[in-house]
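A short write-up of the structure that comes next.
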Amino acid sequence: MNNTIQKVDVERLYQHVLSIEGVKHHIVDPQKLNETANYISSEFKKYGLKTNQQTFKVEGTDMVFKNIEGYMGDDSKPEILVTSHYDTGDDSPGANDSGSAIAAMLEAARVLSSENFSGNIRFISFTLEELGPAFAQGDRNKALELGIIDENHRYTSYHTQKMLKKFYSSVTLGLAKSKPIVDVWQKAFEVVKDNLTDSEKEFIAYMIKTRSHITRTSSVGKLGLVGSDYWVKKALEVDKKIKGVINLVTIGYSTKRKNTQFLPPLMNPLWLPSYKVKARKRIGDFIAVVSDKNSKELGKLFCKNCKNETIKLPYLWARIPFNFEKIAKWLYDLIRSDHSPFWKENIPALMITDTANFRSPYHHTKADTIDKLDFDFIKKVTQATIATVIELTKITNG
Ligand SMILES: [Zn+2]
């Protein structure tokens with residue numbers, strides 16, 4: 001195992017992010033979105049993996065979307081999945097979200113395929129993890145019509161930028177409490193309402209109206225996670241067996257500075273299992289391993305591998321003893337990525353993350369660029385992922 005994980009090449013990780021950095025959004029840059037899909041697929045082919053492009057359409061656009069898959073072994077047997085997403089928000093180059101995860105997934109695929117390895121493993125990069133087309137196009141059209149953004153998706157006035165930021169941060173804070181989504185949006189609206197222009201008011205009212213039917217649990221596959229939700233639904237239709245899922249998402253931002261780490265409310269780092277975490281100084285240099293009720297064993301295995309002598313990756317294990325429904329209600333921040341559709345179906349899945357906006361000031365901004373990333377950190381995450389896959393395979397083969 002140690003020989004295998006030593007093959008992880010930090011320079012290759014860097015080159016992947018360099019190749020795919022840039023806005024990958026179905027409205028703003030559909031070409032870059034498709035180029036990235038092709039890049040991932042051709043890398044899988046280079047490593048000798050079998051590939052598949054799962055195509056689908058969604059409400060709100062005529063575009064065809066695709067999840068990109070590369071796999072090895074016998075696909076009729078239970079598979080281990082290593083996943084990432086390749087789309088970005090409409091104005092972020094997404095070096096960390098989720099270029100870092102794609103790089104780790106590709107490098108894990110290369111290393112594992114170079115070994116004479118008998119595991120059944122599927123690597124998937126999902127599309128449309130970010131805001132779904134049914135909302136993205138409508139929001140954009142409305143904002144353009146009202147003149148509050150320009151063609152480059154910049155707010156046309158400082159007032160609007162300030163007010164919308166305030167509104168969105170109230171939404172984020174509100175979602176951390178266990179209220180229905182529509183109430184959270186309405187409450188956030190009340191916070192800023194008196195200071196808004198008529199256009200700003202109309203825009204927010206439009207967003208609330210179009211989201212009024214969305215609940216915390218039904219947000220999966222609608223507000224976002226569209227590609228992974230589709231993949232899981234199709235997998236259930238053919239009764240596909242999944243051994244476990246390692247979902248990599250924003251894994252590249254690490255810092256030694258004090259007071260850089262925040263956590264979602266209700267999560268106290270001092271209560272959670274950890275390794276080399278400086279919780280009291282709030283230093284953001286660890287990986288977060290997030291498991292639900294069904295993925296406790298998987299989480300334990302991943303954490304064990306973080307402590308491997310050649311890896312030594314600090315971790316915080318958010319070992320949540322609840323199922324999807326309860327997590328959606330109480331810890332909404334933890335269902336924000338592609339592991340959620342799996343959790344929803346009681347399939348063991350982990351979210352592996354640097355905690356995104358709870359650590360990085362660049363998350364979902366134009367500043368999410370390659371120069372901010374710590375590739376030695378990404379290397380360790382890749383190694384822990386490979387080690388976990390190898391051990392899981394042994395369990396699979398019983
Ligand atoms: Zn994101």
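The values are calculated or read from the model by the stated rules, or taken from the named source; none is laboratory data. Model, not experiment: these values are computed from the prediction. Because the Cβ atoms are built from the backbone with ideal geometry, glycine has one as well, and the counts that use them run over all protein chains shown.
Run S274 past the list (1) of a type in the set (S, T, Y); (2) under 17 Å from N357 (Cβ atoms); (3) surrounded by fewer than 23 Cβ atoms within 10 Å (Cβ to Cβ) and report the number of the one that doesn't hold.
It fails just one condition, (2).
Hey, among the residues in segment 361-398 that are hydrophobic (A, V, I, L, M, F, W, C) and over 19 Å from Y315 (Cα atoms), which one's farthest from the ligand (Cβ to nearest atom)?
Out of the qualifying residues, it is I395.
Listed here are the residues, each with its yes/no results for (1) aromatic (F, W, Y); (2) outside the structural domain of K241 (by TED's automatic domain parsing).
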{"residue": "I80", "(1), (2)": "no, no"}
{"residue": "S84", "(1), (2)": "no, no"}
{"residue": "I102", "(1), (2)": "no, no"}
{"residue": "N120", "(1), (2)": "no, no"}
{"residue": "I124", "(1), (2)": "no, no"}
{"residue": "Q137", "(1), (2)": "no, yes"}
{"residue": "I148", "(1), (2)": "no, yes"}
{"residue": "Y158", "(1), (2)": "yes, yes"}
{"residue": "K165", "(1), (2)": "no, yes"}
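May I ask you to list the residues in segment 72-127 that are closer than 18 Å to H26 by Cβ and part of a helix (DSSP H, G or I)?
D97, S98, G99, I102
Out of all the residues in segment 139-153, which are of a type in the set (G, A, S) and either within 16 Å of G60 (Cα to Cα) or surrounded by fewer than 19 Cβ atoms within 10 Å (Cβ to Cβ) (or both)?
Listed by number, the list holds a single entry, G147.
Quick one: Y158 ticks every box in (1) within 16 Å of the ligand (Cβ to nearest atom); (2) modelled with pLDDT of 95 or more; (3) hydroxyl-bearing (S, T, Y) bar one, so which box is it?
(1)
Output the residue which, of all residues in segment 240-255 that are away from the ligand (no atom under 16 Å from the Cβ) and outside any strand (DSSP E or B), is surrounded by the fewest Cβ atoms within 10 Å (Cβ to Cβ).
The extreme case among them is K241.
Looking at S170, S212 in this structure, which one is within 21 Å of G138 (Cα to Cα) and among the hydroxyl-bearing types (S, T, Y)?
Only one candidate passes the filter, namely S212.
For E69, state whether it is of a type outside the set (A, V, I, L, M) and either assigned to a strand (DSSP E or B) or modelled with pLDDT under 95 (or both).
Yes, satisfied.
For segment 353-384, name all the residues that are over 15 Å from the mean Cα position of the chain (by Cα) and of a type in the set (D, E).
The answer is D371, D374, D376.
So is N268 modelled with pLDDT under 95, surrounded by fewer than 22 Cβ atoms within 10 Å (Cβ to Cβ) and of a type in the set (S, T, N, Q) or not?
yes
Considering only residues that are away from the ligand (no atom under 16 Å from the Cβ) and at pLDDT below 95, look in segment 328-360 and name the one that is surrounded by the most Cβ atoms within 10 Å (Cβ to Cβ).
A328
Considering only residues that are in contact with a helix residue (DSSP H, G or I) (Cβ under 7 Å, 6 or more places away or on another chain) and closer than 24 Å to G252 by Cα, which ones fall in segment 111-123?
Scanning segment 111-123 gives V111, L112, I121, F123.
Check D74, D62, D97 and return the single one that is farther than 30 Å from T365 by Cβ and out of contact with any strand residue (DSSP E or B) (no Cβ under 7 Å at 6 or more places or on another chain).
Among D74, D62, D97, only D74 is farther than 30 Å from T365 by Cβ and out of contact with any strand residue (DSSP E or B) (no Cβ under 7 Å at 6 or more places or on another chain).
Which condition breaks for G70 when tested against (1) surrounded by 23 or more Cβ atoms within 10 Å (Cβ to Cβ); (2) within 16 Å of the ligand (Cβ to nearest atom)?
(2)
Which ones in segment 96-131 are among the aliphatic types (A, V, I, L, M) and either at pLDDT below 95 or within 12 Å of the ligand (Cβ to nearest atom) (or both)?
A101, L128, L131, listed by residue number.
If you check E43 against the conditions, is it closer than 30 Å to N305 by Cα, assigned to a helix (DSSP H, G or I) and within 23 Å of the chain's Cα centre (by Cα)?
The answer is yes for E43.
Got a number for residues in segment 156-183 being farther than 14 Å from A328 by Cα and under 25 Å from the mean Cα position of the chain (by Cα)?
Residues in segment 156-183 being farther than 14 Å from A328 by Cα and under 25 Å from the mean Cα position of the chain (by Cα): 10 in total.
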